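Working notes for the structure below.
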Amino acid sequence: MALATGPGKQTQLREVEGVPLQAAIVDNWGQIQSFEAKPDDLLICTYPKSGTTWIQEIVDMIEQNGDVEKCQRALIQHRHPFIEWARPPQPSGVEKAQAMPSPRILRTHLPTRLLPPSFWENNCKFLYVARNVKDCMVSYYHFQRMNQVLPDPGTWEEYFETFINGKVAWGSWFEHVKGWWEVKGRYQILFLFYEDIKKVSEGPFTTSSGGGQRTPRLIEGCISWRQGMSPRIHSHPSDPLHSYPQDPKCEIRKVAQFMGKHLDETVLDKIVQETSFEKMKDNPMINRSTVPKSIMDQSISPFMRKGTVGDWKNHFTVAQSHRLDELYRKKMEGVSIDFCLEL
Ligand SMILES: Nc1ncnc2c1ncn2[C@@H]1O[C@H](COP(=O)(O)O)[C@@H](OP(=O)(O)O)[C@H]1O
Ligand SMILES: O=[N+]([O-])c1ccc(OS(=O)(=O)O)cc1
């Protein structure tokens, strides 16, 4: 797909240990690396465009016990300091975090090897959200088209090459996901998937003859287990019995448990509703409608764009899809994650 972009932006990325980052972040690198984490910090970690805003709103709703008004207290980008963010003369992410009372909820897009060491030393909690590489690339492409402080992505064909070579801000998707996946057994990490939060629960289920317990019915495919989480079913989407046992509520409950919060079912239901794409896209505290056009030009592409799984099929050629599949196999060899590419 060749999509025209606006007039060329002048923004250049610079690198820290081979990872491209905005110049202001690189200029502030000393302050970022010496950041002092605290043992009760919770860090939201994502590769860009993997559902950061979504998980931030979920975490905040949990923290505020489902109180929507309390979640309206500030723009979402200001609620959880973005630790590596720097845009002088505004206070840096580090400065905002330092000014925040504990227990702090912070966020980052950094890969594991660039994370300030004090997060590991203090055994902080990490909440990681991963999104399948194809949808992530599409989302990032449209974000770079509209974001005036990131480089112009060029055509889709050009961007495909830039992305697979890890030459985008925050570097390689493969390195990011693999890095966080590999440390999850050694630290307090809840590893979630965008696609699992998106799934709708009401699929076709069999009811066991005994107690009416719902059991997923499987026609073809397999069930796999992710680090003790609920089973994942793969079957062809055209199959009328295609279903997944995860759903937003199940994922939100996991987050609440991880945060040490016990919430009533009614509160969990409310959080599911309030964090739907449809609700969030109309929420001015979330949808970046207050960000100036000189930074985010939402007439090019909205910040809350589609919020779906599988939009990659509207962008990738068959050849690009195969090439990425092949690259995925090589780069993620030995990594036992299986991403969902369509619901
Ligand atoms: N409540 C929600 N449900 C589903 N997707 C959401 C969402 N809130 C944000 N997103 C999607 O998450 C992506 C942005 O991620 P991030 O917050 O990490 O920048 C965008 O994807 P799309 O561009 O595919 O629509 C955005 O639409
Ligand atoms: O992925 N980025 O390039 C990116 C992400 C977040 C961001 O800041 S925020 O205030 O929009 O969250 C700016 C750039």
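The values are calculated or read from the model by the stated rules, or taken from the named source; none is laboratory data. The structure displayed is predicted, hence computed values, not measured ones. Here the Cβ is made from the backbone with ideal geometry for all residues, glycine too, and neighbour counts use every protein chain on show. Just the protein is used for accessible areas: all its heavy atoms, side chains included, with ligands, DNA and RNA removed. Shrake-Rupley method; radii C 1.70, N 1.55, O 1.52, S 1.80 Å.
Tell me, please, whether a residue that is over 26 Å from D196 (Cα atoms) and polar (S, T, N, Q) can be found in the stretch 33-43.
yes
The conditions are (1) in contact with a Phe, Trp or Tyr (Cβ under 7 Å, 6 or more places away or on another chain); (2) closer than 17 Å to P20 by Cα; (3) more than 13 Å from ligand 1 (Cβ to nearest atom), and W181 fails exactly one of them. Which is it?
(2)
Across the stretch 255-291, which residue is farthest from I76 (Cα to Cα) among those that are within 16 Å of ligand 2 (Cβ to nearest atom) and among the charged types (D, E, K, R)?
K281
Anything in the stretch 97-117 that is open to solvent by 60 Å² or more (accessible area, probe 1.4 Å) and assigned to a loop (DSSP other than H, G, I, E, B)? List them, or say none.
Within the stretch 97-117, A99, P101, P103 meet the criteria.
I'd like to check something: does the stretch 74-90 contain any residue that is away from ligand 2 (no atom under 12 Å from the Cβ) and part of a helix (DSSP H, G or I)?
No, the stretch 74-90 contains no residue that is away from ligand 2 (no atom under 12 Å from the Cβ) and part of a helix (DSSP H, G or I).
Which of (1) away from ligand 2 (no atom under 14 Å from the Cβ); (2) basic (K, R); (3) buried (at least 23 other Cβ atoms within 10 Å of the Cβ) is the odd one out, the single condition R131 does not satisfy?
(1)
Answer yes if at least one residue in the stretch 89-97 is among the β-branched types (V, I, T) and in contact with a Phe, Trp or Tyr (Cβ under 6 Å, 6 or more places away or on another chain), and no otherwise.
Yes, that holds for at least one residue.
Considering the stretch 47-66 alone, what residues qualify as being of a type in the set (D, E) and either out of contact with any helix residue (DSSP H, G or I) (no Cβ under 9 Å at 6 or more places or on another chain) or within 16 Å of ligand 1 (Cβ to nearest atom) (or both)?
Once the filter is applied, which keeps residues that are of a type in the set (D, E) and either out of contact with any helix residue (DSSP H, G or I) (no Cβ under 9 Å at 6 or more places or on another chain) or within 16 Å of ligand 1 (Cβ to nearest atom) (or both), the stretch 47-66 yields E57, D60.
Among the residues in the stretch 184-199, are any open to solvent by less than 10 Å² (accessible area, probe 1.4 Å), basic (K, R) and within 16 Å of ligand 1 (Cβ to nearest atom)?
The answer is yes, given that some residue of the stretch 184-199 is open to solvent by less than 10 Å² (accessible area, probe 1.4 Å), basic (K, R) and within 16 Å of ligand 1 (Cβ to nearest atom).
Filter the stretch 134-145 for residues that are among the aromatic types (F, W, Y) and either open to solvent by 20 Å² or more (accessible area, probe 1.4 Å) or over 17 Å from Y194 (Cα atoms) (or both); which is nearest to ligand 1 (Cβ to nearest atom)?
F143
So K254 passes all but one of these: (1) charged (D, E, K, R); (2) surrounded by 18 or more Cβ atoms within 10 Å (Cβ to Cβ); (3) within 16 Å of ligand 1 (Cβ to nearest atom). Which condition number does it fail?
Going through the list (1) charged (D, E, K, R); (2) surrounded by 18 or more Cβ atoms within 10 Å (Cβ to Cβ); (3) within 16 Å of ligand 1 (Cβ to nearest atom), K254 breaks only (3).
For I44, which of the numbered conditions (1) open to solvent by 10 Å² or more (accessible area, probe 1.4 Å); (2) within 16 Å of ligand 1 (Cβ to nearest atom); (3) closer than 25 Å to E175 by Cβ fails to hold?
Checking I44 against (1) open to solvent by 10 Å² or more (accessible area, probe 1.4 Å); (2) within 16 Å of ligand 1 (Cβ to nearest atom); (3) closer than 25 Å to E175 by Cβ, the one that fails is (1).
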